[in-house]
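Q: Following this message is one structure expressed as structure tokens.
The values are calculated or read from the model by the stated rules, or taken from the named source; none is laboratory data. Keep in mind that what you see is a predicted model, and the values were worked out from it rather than measured. Every residue, glycine among them, receives a Cβ derived from its backbone with ideal geometry; neighbour counts consider all protein chains shown. Protein only, heavy atoms only, side chains kept; ligands, DNA and RNA dropped before computing areas. Shrake-Rupley method; radii C 1.70, N 1.55, O 1.52, S 1.80 Å.
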Amino acid sequence: TQMQNGTEILRPPQAAKFLGITVRHLYNLAERDPKFPRKIVFSKRCVGFRRESLNAYILEKESEV
């Protein structure tokens with residue numbers, strides 16, 4: 001899903017695929033890693049993650065190695 005300002009929002013299955021992990025692992029990271037991007041809550045059953053935030057998280061993890 002693309003927002004008006006050009007920011008792409010990924011639903012959990014898309015976000016997990018983007019990161020190369022399972023959806024369950026995505027939710028575990030979101031709950032346990034304070035540096036993981038916050039999910040955007042649209043409704044009780046609809047959340048998403050900004051692609052640019054996930055990408056920044058990956059780059060930060062790369063620099064920790």
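Q: Which net charge results when you count Lys and Arg as +1 and Asp and Glu as -1 among the other residues whose beta-carbon is under 10 Å from that of Gly48?
A: +3
Q: I would also like to ask the following. Just the accessible area for Lys39, please: 1.4 Å probe, Å², rounded to the nearest 10?
A: 100
Q: With no solvent and one point per C-alpha, what does the Debye sum give as log10 I(q)/I(0) for the chain at q = 0.12, 0.20, 0.25 Å⁻¹?
A: -0.28, -0.79, -1.19
Q: Treat every Asp and Glu Cβ in the chain as -1 and every Lys and Arg Cβ as +1, leave all other atoms uncharged, and give the resulting dipole magnitude about the Cα centre to the nearest 20 debye.
A: For the chain, the charge dipole is close to 400 debye.
Q: For helix 51-64, report the angle its Cα long axis makes with the longest principal axis of the Cα atoms of the chain; keep it between 0 and 90° and round to the nearest 10°.
A: Compared with the principal axis, the helix lies near 10 degrees.
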